[in-house]
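The values are calculated or read from the model by the stated rules, or taken from the named source; none is laboratory data. Keep in mind it's a predicted model, so treat the numbers as computed, not measured. Because the Cβ atoms are built from the backbone with ideal geometry, glycine has one as well, and the counts that use them run over all protein chains shown. Please note that ligands, DNA and RNA were not included when accessible areas were found on the heavy atoms of the full protein model with its side chains. Shrake-Rupley method; radii C 1.70, N 1.55, O 1.52, S 1.80 Å.
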Amino acid sequence: MPGPHDPTDEEAQRHPCAPRLLRRFRVLALRGRDVVVRKACRVLGIGSAFSSSSHRKAVRKTGSSSMLIPFSMKNCFQLLYNHQVPAAGFKKTVKNGLIIHSISNDVYQNLAVEDWIHDHMNLEDKPILFFWRNSPSVVIGRHQNPWQECNLNLMREEGIKLARRRSGGGAVYHDMGNINLTFFTTKKKYDRMENLKLIVRALNAVHPQLDVQATKRFDLLLDGQFKISGTASKIGRTTAYHHCTLLCSTDGTFLSSLLKSPYQGIRSNATASIPSLVKNLLEKDPTLTCEVLINAVATEYAAYHQTDNHIHLINPADETLFPGINSKAKELQTWEWIYGKTPKFSINTSFNVLYEQSHLNIKVFIDIKNGRIEICNIEAPDHWLPLEILDKLNSSLVGSKFCPTETTMLTNILLRTCPQDHKLHSKWNILCEKIKGIM
């Protein structure tokens, strides 16, 4: 039974490193002399196979021992991961540079890895390249407004996660067709353009005719017009990281629909994203899969930094490698971080309500600070909804979270205090649904 963060067999088989890890495991298993490998074989239930006479006979008949290895891909991943990264801790693993790849597709866990390395690692002469991919999610910059950047209603309907990272920049859509790359260095050696040039060299190594250029905004453009990579960064006192995306086979329909806010009348000083034309590299060449791209960048990175090009798998939930990392991941999931860190903003809008064949205009003015309603003024025609009812609604929403869940709870409680009038309740429900629709 897989744990909450363990990959299933199917997910493991889709992992870009799967074929290479599979080959490596089989080679190690066939040698059978390494203590770690023999232990791995016992765990997988193949420990006795390599010493049995029946196995040797079967090998002679089939010409291949790999046919007799009934192992799970997921177990193979975990065993190789344990074999590659010492349990003594991640800090002791990094000698003169490292390339790592997360086995998790959880956006909060992967963002927590960035925080952990930034906060705990001495990166002097020890640069790190981190590959990670996420299940469908939208990630906004540290100083952005989610209501201004994405379609929150659609995200809730589709079960798409929302995350706020600690770096600046704009909103991005992640799925398994997008590769995230994080370059960790000391503050002195931080160089975004050099990192982007490295990616361009890697792309040209596998496809020499590919026209990819880095821009002054630190984006990567394909054919001079299609954005395939966006950049953000965080610079600390002594360490820094630059992370970027690389579009391989992302769902373009989801990307465009989720990164389009339907909300009107927002006034904010939050950092705004700049819309761009995008294109997947797979559309340019079907051989440019995520695995090919990751391996190409890893090879180029290792050559540039004169380090081993081996990609080490890491489990972001492993406290033995990253002590305290799970508390970082939990913090990134909180409402207070995702929504509460939104810069102060206001909504000044109106909408029409159809009631008994007539259109009524409802005006809404709301000030939001730290994700909570600071000032609320909802106006509706007196003949439609009594002023005292509206006053109760306005006062009850002040101080509450600007979110449909809390608004639903508050309005339901408030409705119980109203007279038992069917028409009044119907109007109330219409109004409340409209208000929740802008949250």
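Less than 5 angstrom separates the built amide H of Ser400 from those of Ile373, all sequence-distant by 5 or more or on a different chain. Normalising the Debye intensity of segment 345-438 to I(0), with uniform scatterers on Cα atoms only, and taking log10 at q = 0.18 Å⁻¹ returns -0.80. With all protein chains kept in place, the per residue accessible area of segment 98-339 amounts to 40 square angstrom at a probe of 1.4 angstrom. Per-residue Karplus couplings for segment 426-434, computed as 6.51 cos²θ - 1.76 cosθ + 1.60 with θ equal to phi - 60°, are listed in order as 5, 5, 4, 5, 4, 5, 5, 5, 5 Hz, Gly and Pro entered as x.
With a Förster radius of 45 Å applied to the beta-carbon distance between Ala272 and Ala205, the computed FRET efficiency rounds to 0.80. Charged neighbours of Thr411, selected by a Cβ distance under 15 Å, balance to +3 (K, R count +1; D, E count -1).
Evaluating 6.51 cos²θ - 1.76 cosθ + 1.60 at θ = phi - 60° for every residue in segment 164-180, the Karplus couplings come out as 10, 8, 8, 8, x, x, x, 7, 9, 9, 10, 8, 6, x, 10, 9, 9 Hz, glycine and proline recorded as x.
Surface composition of segment 234-380: carbon plus sulfur atoms contribute 49% of the solvent-accessible area (1.4 Å probe, protein chains only, all chains present).
The distance between label points at Asp285 and Thr417 comes to 6.7 nm (points 7 Å beyond Cα on the Cα→Cβ vector).
Overall, segment 98-339 carries a charge dipole of about 840 debye about its Cα centre when +1 sits on the Cβ of Lys and Arg and -1 on the Cβ of Asp and Glu, all other atoms neutral. Remark on Gly236: its backbone amide H falls under 5 Å from those of Tyr241, a criterion applied only to residues 5 or more positions apart or on other chains, H modelled at 1.01 Å from N.
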